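Chemist: Starting off with a structure, shown below.
The values are calculated or read from the model by the stated rules, or taken from the named source; none is laboratory data. In this text the structure is predicted, and so the values were computed from the model without any measurement. Positions of Cβ are generated from backbone atoms using ideal geometry, with glycine treated the same way; all protein chains shown enter the neighbour counts.
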Amino acid sequence: MEAKAGCSTHRSTASTRIRSWLRLLPATLGVSGRFCFCSADDGQSLVEFALVVPLLLLVLTGIFSFGIIFNQYEVLTNATNSAARAFAVSAGSDGQQSQALNNDACAQVATIVQGAAPNITSSNLTYKIVYTHLPNSASPTVSTYNGSGGSAPTCSSLLMYSGDSVKVSVTYPVSATLFSWTSQNYTLSAQSTEFVQ
């Protein structure tokens, strides 16, 4: 066999290996035919993927929304507990006003809740403070103080006695969104009761 002009009859082993690998590549990747880059099963996989993705996104966004709302609930509960405890220990002597700033334990409640819950929008908070005076000989006297958002409750004239009880309730509206399809509004509520020290 004669060699053509300009062609070498000797081929290197490396180039032969590369060519054989390139011939095996379509079979390895599942490619059939010379110009086809997909197999017959790829269409089925695409349809299954299109059916599953919306459900998967719905579940994932539901998990994320629940996690955010649960975090806000935990933060709100801890902030409410701290505020109620601060109210209860702010009493001076029996029959005296609170030792809180400006003698206002109710305003202190709002300040503590807002400070302890930085990831919550303070303008959406609603406060309800119920102070129950429990005298030894008479029936209990209940005083209620309300506030919301930037308008904190105030009780600067309240006289506090050891053994009285204070219940602090704080509510906060939240909205749960599932994959931008639906939005449901909820109200988180936290309350804590303490005895005045």
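Chemist: Spot the failing condition for G150; the list is (1) modelled with pLDDT under 95; (2) buried (at least 16 other Cβ atoms within 10 Å of the Cβ); (3) not polar (S, T, N, Q), and only one is missed.
Modeler: Single failed check for G150: (2).
Chemist: Now, a different point. Considering only residues that are within 30 Å of the chain's Cα centre (by Cα) and assigned to a loop (DSSP other than H, G, I, E, B), which ones fall in the range 144-161?
Modeler: G149, G150, A152, P153
Chemist: Between A3, A84, which is modelled with pLDDT of 80 or more and either assigned to a loop (DSSP other than H, G, I, E, B) or in contact with a Lys or Arg (Cβ under 9 Å, 6 or more places away or on another chain) (or both)?
Modeler: Only one candidate qualifies: A84.
Chemist: Please go through the range 60-95 and give me each residue that is hydroxyl-bearing (S, T, Y) and closer than 16 Å to S156 by Cα, ordered by number.
Modeler: Those that are hydroxyl-bearing (S, T, Y) and closer than 16 Å to S156 by Cα: S90, S93.
Residue-by-condition table, conditions (1) buried (at least 16 other Cβ atoms within 10 Å of the Cβ); (2) over 26 Å from V75 (Cβ atoms); (3) not basic (K, R):
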site: N103; (1), (2), (3): yes, yes, yes
site: A116; (1), (2), (3): yes, no, yes
site: S122; (1), (2), (3): yes, no, yes
site: H133; (1), (2), (3): yes, yes, yes
site: K167; (1), (2), (3): yes, no, no
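Chemist: What do you reckon, is Y73 touching a Pro at 6+ places or on another chain (Cβ under 6 Å) and of a type in the set (F, W, Y)?
Modeler: When the stated conditions are applied, Y73 does not pass them.
Chemist: Among the numbered criteria (1) surrounded by fewer than 12 Cβ atoms within 10 Å (Cβ to Cβ); (2) modelled with pLDDT under 55, which one does G43 miss?
Modeler: Condition (2) is where G43 drops out.
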